[in-house]
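So the structure is just underneath, and the comments pick up after that.
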Amino acid sequence: MNVVMIGAGYVGLVSGACFAEFGADVVCLDKDEAKINALLEGNIPIYEPGLDDLVKRNVDAGRLSFSTDLESTIPAADLIFIAVGTPTRRGDGYADLKYVYAAAAEIATYLQGYTVIVDKSTVPVGTAREVHRIIKKTNPSADFDVASNPEFLREGSAIGDFMRPDRVVLGVESERAEAKLRELYRPLNLMEAPIHVTDLESAEIIKYAANAFLATKISFINEISQLCEKTGADVHSVAKGMGLDGRIGKKFLHAGPGYGGSCFPKDTVALIRMAQEHGVSSRIIESVVEVNASQKARMVSKIREALGGSEADKTIAVLGLTFKPETDDMRDAPALAILPALVDKGALIKAHDPQGIEEAKPLLPDSIAYMDSINETVKDADAIVLLTEWNQYRGLDLAKIKSMMKGKVFIDLRNVYERHLMEEHGFDYTCIGR
Ligand code: NAD
Ligand code: UGA
C-alpha cells in the first residue's frame, strides 16, 4: 500500500513513520525544504520521544522516505493524507484552511488511478466536501474519494498514542475508501482498537468535540481549584474523589496554569466560530476559553503575591517553558502569557527547559536569560516557578536548591511537590488548589 503524507510536522511525521512501521510504503512530503533536507540527512526536526529510532528503522527498511516533489510521489499513491497546519486565522479565530486547500489543489493534477484523499488535519465541518470540490474542479477526470481521519495523538507520547489508540475515526462516503483505510489500519486489529466508521461531517465534529471536552475538564478543575484554595480543600483529593466515578474518569483533571499547546487553544476558538457560523450557541466552550485565559492571569497574581506583592527587581528562576513535558513545542504555552507580564513589572527572569529554549527565545522578551542547567537557573534566585512538570524537576535536590537560592519562595504551578516536604526544607511554598 502506497501512502503519501502531505506535511511532515508533528502529526505527519509521526503518522507517516507509524504507517511505515505497520508495513506501508510511505513518503512524507513537505514544502519546507530545510525540513526535508534534515530528514534526508537523518536528523529529526522536532523533539518527540522515540521518533528518531522509529524513523531510522523504517528508512533503513526502505519503507519510509522524504520528498518535496509531488510529481514523482503522488501518481503511485493509494492514500494521500493531508496533515498540514490549521492555525487560528489572524483576526477572527476561524481555523485557517489555506494550507489544506492549497495541498488539495497541488495534489489534484498528479492523481492517477483510484486514490483516497484523507484529511488528517483538524478541520471544521464541511472541509472534506470543499477538498472534494477543489480536486474535482482542478482535475475533473480524477478517480478519487475524500475521507476524514482525525488524529488524536498527544505530543510527548505521540508514537504510543498512534500505535495503541483508544479509537480510530473514519469519516467515509464510499465502501472503496473505507476498505482502503481499514486495510491500512489492519495491524491495529490485533489489539482490537475500535474503528469507528461514520460520515464525513460527524468525523470532523468528533475531533473538535473531543478536544473541547478535554479542555472543559481542565478548565472545570482549574475553576474548582480556586474554591479549594479559599476553603482549605485539596484539589488533588477532590479530583481523585470525582474521578473514581467511572462516568467522570480521573484523566485530565490536573489543575495547572491553564491548558496550552498547538491544539486546545486554537480548536476551542475554532469550534466557537464554527457554531456561530451555523447559528448555534457554544456557551460552555466560550466559558472554557475564558476560564483558561483567567487561569493564566491568575498565575501572574499568584507569583506576585508569593513575592510579597511585587515582582519588581526580583530574580525568578523558571523551570520549564514548553506547554507540557516531553516536547519542544512552545505554541500557546502558558509561559508566553505569564512571563511577559512578570517582565513588564520589572522581574528578572532566568529560565531553563530541557528541549524548548530555541523555540522559546523568539517568542519571549529579550531580557530573559536562558540557562543550561537547573543549578545555574536557581542560583541567587528570589523565587522558583515550576511551570512545566518535566521529569528533571520532579526529583529536585531540595536542600541543595534551597542553599543556592537567595530567597525561599517556591511556586509550584503543576502541584508536583507536597507542602509538608517543601516546608521542611524551609521553602515558602505556593501551589494550585491545595
Ligand atoms: P506542523 O506545523 O508541525 O506541521 C505542518 C507541516 O505541513 C509543516 O511542516 C508545513 O511546512 C507543511 N505544509 C504546509 N503546507 C504544505 C503543503 N501544501 N505541502 C506540503 N507540506 C505543507 O503541524 P502539526 O502540529 O503536525 O498539525 C497538523 C494538523 O494536525 C493540524 O490541523 C493540527 O490541529 C492537527 N493535530 C495536531 C496534533 C499535535 O499534537 N500537534 C495532534 C492531533 C491533530
Ligand atoms: C491534545 C489532546 O490530548 C490530543 O488527544 C489531541 O490529538 C491533540 O491535543 C491535538 O488535537 O493536537 P496535546 O496538546 O499534545 O494533545 O497535549 P495534552 O496532553 O492534551 O495537554 C494539553 C494541555 O493541557 C497542556 O498544556 C497540559 O499541561 C494541559 N493539561 C492537560 C492540564 O492542565 N491538565 C490536565 O489534566 C491535562
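Bear in mind these aren't lab numbers, they're just calculated from the coordinates by the rules spelled out. Just so we're clear, the structure is a prediction, and the values are computed from it rather than from any experiment. A quick note on method: Cβ atoms are made from the backbone with ideal geometry, for glycine too, and the neighbour counts reach across all protein chains shown.
Eigenvalues of the Cα gyration tensor times 5, then square-rooted: what semi-axes does that give for region 299-430, in whole angstrom, largest first?
21, 17, 13
For region 133-290, report the translational diffusion coefficient in µm²/s to the nearest whole number, using Stokes-Einstein at 4 °C, 1.567 mPa s, and a Kirkwood Rh over Cα pairs.
71
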Given the peptides 222-229, 348-355, arrange them by the average over their residues of other C-beta atoms within 10 Å, most packed first. 348-355, 222-229
If only Cα atoms are counted, what is the Rg of region 4-53, and what is its Dmax, in Å? 10.1, 27
Between helix 51-60 and the chain, what is the angle of the helix's C-alpha long axis to the longest principal axis, kept within 0 to 90° and rounded to the nearest 10? 30
Net charge (Lys, Arg +1; Asp, Glu -1) of residues whose beta-carbon lies under 11 Å from that of Ala347, Ala347 excluded, is 0
Reach of Lys379 by Cα under 18 Å, taken over aspartates and glutamates that are not fewer than 8 positions away in the same chain: Glu311, Asp313, Asp353, Asp397, Asp412, Asp428
Please give the helix 127-138 orientation as an angle from the longest Cα principal axis of the chain, in degrees from 0 to 90, rounded to the nearest 10. 40
What helix-only [θ] at 222 nm does the chain give? Using -39500 (n - 2.57) per DSSP H run of at least 4, over all residues, to the nearest 500, the answer is -13000 deg cm²/dmol
For the chain, give me the percentage of DSSP beta bridges that are antiparallel, rounded to the nearest 5 percent. 5
For Ala61, the net charge from surrounding residues (Cβ-Cβ under 11 Å; K, R +1; D, E -1) works out to 0
In region 142-219, what is the volume of the convex hull around the alpha carbon atoms, normalised per residue and reported in Å³? 111
With a 25 Å threshold on alpha-carbon distance, the violating pairs from Lys217/Lys302; Lys137/Lys207; Lys35/Lys324; Lys302/Lys402 are Lys137/Lys207
Once you keep just the Cα pairs under 8 angstrom separated by 6 or more residues, what percentage relative contact order results for region 208-290? 37
With equal scatterers on the alpha carbons only and no solvent term, can you work out the Debye log10 of I(q)/I(0) for region 2-198 at 0.11 1/Å? -0.46
Which ordering of Tyr393, Tyr99 is given by a fewest-first count of other beta-carbon atoms within 10 Å? Tyr99, Tyr393
In degrees rounded to 10, the 0-90 angle between helix 10-22 Cα long axis and the longest Cα principal axis of the chain is 60
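Ratio to report: Rg/Rh of the chain, with Cα atoms as the point set and Rh obtained by the Kirkwood method; give two decimals.
1.00
Report the local net charge at Gln276: Lys and Arg +1, Asp and Glu -1, summed over other residues whose C-beta lies under 11 Å from its C-beta. If you can, show how the numbers build up before the last one.
On the way: positive: Arg273; negative: Asp92, Glu277, Glu286.
Taking every other residue near Gln276 into account, the sum is -2.
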What does the extension gain come out to for Leu190 and Ser287, with contour length at 0.36 nm per residue minus their alpha carbon separation? 30.8 nm
Could you pull the Rg and Dmax for region 208-290, using just the Cα atoms, both in Å? 13.9, 44
